[in-house]
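Undergrad: Sharing a structure below in structure tokens format, with a few things to ask.
Values quoted throughout were computed directly from the atomic coordinates according to the rules given, and no laboratory measurement underlies them. Everything numeric in this text was worked out from a predicted model, so none of it was measured. Cβ sites come from the backbone with ideal geometry, for glycine too, and all protein chains shown count toward neighbours.
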Amino acid sequence: MIKSLNERGKDVLSPVLGRYFTEFEVSSGKGCYLYGRDGKKYLDFASGIGVTSTGHCHPEVVNAIKKQAEELIHTCIGIAFYEPPVILGEKLQELLPSKNYSFFFNQSGSEAIEASIKLAKYITGKPHIIAFKGGFHGRSLGALSLTTSKDKYREGYTPLLEETSVSFPYPRCYRCPWNKDPDSCNTYCIDAFEKFIEPVSSKTAGIMIEPVLGEGGYVPAPEIFMRKLRRICDDKKILLILDEVQSGTGRTGKWFAFEHYNIEPDILAIAKGIASGMPLGVCAAKKELMAKWTPGAHGGTYGSNPVSTVAGIATLEVLKKHIHNVQESGSYALDVLRNNLKEHRFTGDIRGIGLMIAVEFVKDKDSREPYQDLVRTVMNECLSRGLVIISCGIEDNVIRIIPPLTIEKKELERGLDIFLAVLNENS
Ligand SMILES: Cc1ncc(COP(=O)(O)O)c(C=O)c1O
């Protein structure tokens, strides 16, 4: 009897990794599709958790990786300069509104967050970093100190960084932490935040926030909240650190979600969709801030890796041809979902920005009690019909729709059809 990879993996792989599916095995991927070891073709609406922004194995990205792998895989940027990270920096600089940023490249979102925390503390000389309850910023110990989307991520690891605070709730209008009505609250949340920060502001190096809450449930922060947060940071001389690991690199229809708010960060963390699946994280900061980070104060063996950075360059080139479609595709998907799920008993909130879309499931529309079991059923039934779709949410009751940004309308329609058919059977 042939053992499944799950069975074989039990002997050699750590059990620590949480899994969305246990028996889903793939052998390859192309465009919007994953090809299963069972011979089936799966439409991928998960994109490796928001990573394969150009789809699987985009030929331009693959060619860039192949070519670079034949020339130079590693020598450490601390030993010798090579061109790809410099080109990637130049390209990113062009994309950012004020063109006034420079970059530290590493391997992951968590490392981009670590670098952001260290940079903020180092250059301000202040100890505290404030983040929002419900946020996800990664799992390395510094990043974990700011991660609160689920208790289990932190259990067993305390004490974490002492000089952080994550007690102020993320402003989620559908589940307003203060039970206010978003239509009449008059920005209660940001006024409350201003009072919260006052006593610690002189010790606070930076405030970190995901402009669109990711693992916490795909919730865009209210516009006025982000604008006033920027103003508070300016007034109190605190650095605004935006975590765009999930919302960045075109996912929301703009290169970065902060552009929707007409603000700019002091420090910006990027990863996931930037390199189509090659490990690449970026800590971006205003040049005058980066200039205060003295040589040797941070570093790493693999940072600025030639293969990862060429994948980043190729990814940006591909996305330049598709980014204008992202908002349109996202609005189309949102309309389809809202129109078809109006009467569905268990869909509480349907929201999204670009191709970062969420359907939140509730047992009852009045009580809004989260319906986690249904999310699990929907994920499994979609998978059995050839659609990969995954969950998120502080309450674990949200399905997120994050297809590749290169997706064509017919594939988007096909995936939505499968999702809606599964929901109709579970209404
Ligand atoms: C907003 C955000 N920040 C940080 C991270 C951590 O990134 P990584 O898993 O690459 O370390 C994630 C990962 O999901 C994320 O969504």
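Undergrad: Counting other beta carbons within 10 Å of each residue's own, what order do 183, 243, 373 fall into, fewest first?
TA: 183, 373, 243
Undergrad: Determine, for each peptide in 297-305, 45-53, the mean count of other beta carbons within 10 angstrom over its residues, then list the peptides with the highest first. Don't skip to the end; give the middle numbers.
TA: Working: 297-305: 17.2, 45-53: 24.6.
Ranked by mean Cβ neighbours within 10 Å, highest first: 45-53, 297-305.
Undergrad: Please work out whether the chain counts as rounded, prolate or oblate from its C-alpha gyration tensor, where a ≥ b ≥ c are the square roots of the eigenvalues and a/c under 1.5 means rounded, while otherwise a/b larger than b/c means prolate and anything else oblate? Write down the numbers at each step before the final one.
TA: Details: a/c = 1.56, a/b = 1.10, b/c = 1.42.
It is oblate, given that a/c is not under 1.5 and a/b is not larger than b/c.
Undergrad: Please compute the net charge surrounding residue 287, taking Lys and Arg as +1 and Asp and Glu as -1 over other residues with Cβ under 12 Å from its Cβ. Write down the numbers at each step before the final one.
TA: On the way: positive: 99, 286, 292; negative: 266, 288.
Its environment carries a net charge of +1.
Undergrad: What FRET efficiency do you get for residue 62 and residue 424 if R0 is 60 Å and r is their Cβ-Cβ distance, rounded to the nearest 0.05?
TA: Working: r = 38 Å, r/R0 = 0.64.
That gives a FRET efficiency of 0.95.
Undergrad: Once you sort the root eigenvalues of the Cα gyration tensor of the stretch 336-381 as a ≥ b ≥ c, which label holds: rounded (a/c under 1.5), prolate (a/b larger than b/c) or oblate (the other case)?
TA: Numbers: a/c = 1.63, a/b = 1.22, b/c = 1.34.
Judged from the Cα gyration tensor, the stretch 336-381 comes out oblate (a/c at least 1.5, b/c at or above a/b).
Undergrad: While we're looking at this one, here's another question. Using +1 at the C-beta of Lys and Arg and -1 at the C-beta of Asp and Glu, which of 293, 165, 80 has the Cα lying farthest in the positive direction of the dipole of the stretch 61-320?
TA: The Cα lying farthest towards the positive end belongs to 165.
Undergrad: Here's another thing I want to ask about it. Mind giving me the FRET efficiency for residue 368 and residue 30? R0 is 51 Å, r the Cβ-Cβ distance, nearest 0.05 is fine. It would help to have the intermediate numbers written out before the result.
TA: Values: r = 40 Å, r/R0 = 0.79.
The computed FRET efficiency comes out at 0.80.
Undergrad: Multiply the residue gap between residue 90 and residue 413 by 0.36 nm, knock off their C-alpha separation, and tell me the result in nm, one decimal place. Could you put the intermediate results ahead of the total?
TA: Working: separation 323, 0.36 × 323 = 116.28 nm, distance 3.66 nm.
Between residue 90 and residue 413, full extension yields 112.6 nm more.
Undergrad: So which trypsin sites (Lys or Arg not before Pro) in the stretch 249-326 pass both tests, a DSSP loop state and at most 13 other Cβ atoms within 10 Å of the Cβ? Can you show the working numbers first?
TA: Numbers: sites: 251, 254, 272, 286, 287, 292, 320, 321; in loops: 251, 254, 292, 321.
Passing both the DSSP loop test and the Cβ count: 292, 321.
Undergrad: If I stretch the segment between residue 6 and residue 38 completely, what's the gain in nm (0.36 nm per residue apart, minus their alpha carbon distance), one decimal? Write out the running numbers ahead of the final one.
TA: Values: separation 32, 0.36 × 32 = 11.52 nm, distance 1.39 nm.
Extra length from residue 6 to residue 38 when fully extended: 10.1 nm.
Undergrad: Among the GluC sites (Glu not before Pro) in the stretch 109-193, which ones are in a DSSP loop with at most 13 other Cβ atoms within 10 Å of the Cβ? Mind listing them? Walk me through the numbers before you get to the answer.
TA: Values: sites: 111, 114, 155, 162, 163; in loops: 155, 162, 163.
Counting only loop positions with at most 13 other Cβ atoms within 10 Å, the GluC sites (Glu not before Pro) in the stretch 109-193 are 155, 162.
Undergrad: Can you tell me how much longer the chain between residue 234 and residue 139 gets when fully stretched, taken as 0.36 nm per residue apart minus their C-alpha distance, in nm with one decimal? Show your work: numbers first, answer last.
TA: Details: separation 95, 0.36 × 95 = 34.20 nm, distance 2.91 nm.
Separation in residues times 0.36 nm, less the Cα-Cα distance, equals 31.3 nm.
Undergrad: Looking only at the stretch 183-198, which residues have a backbone nitrogen under 12 Å from a spot 7 Å from the Cα of residue 224 in the C-beta direction?
TA: The answer is 183-192.
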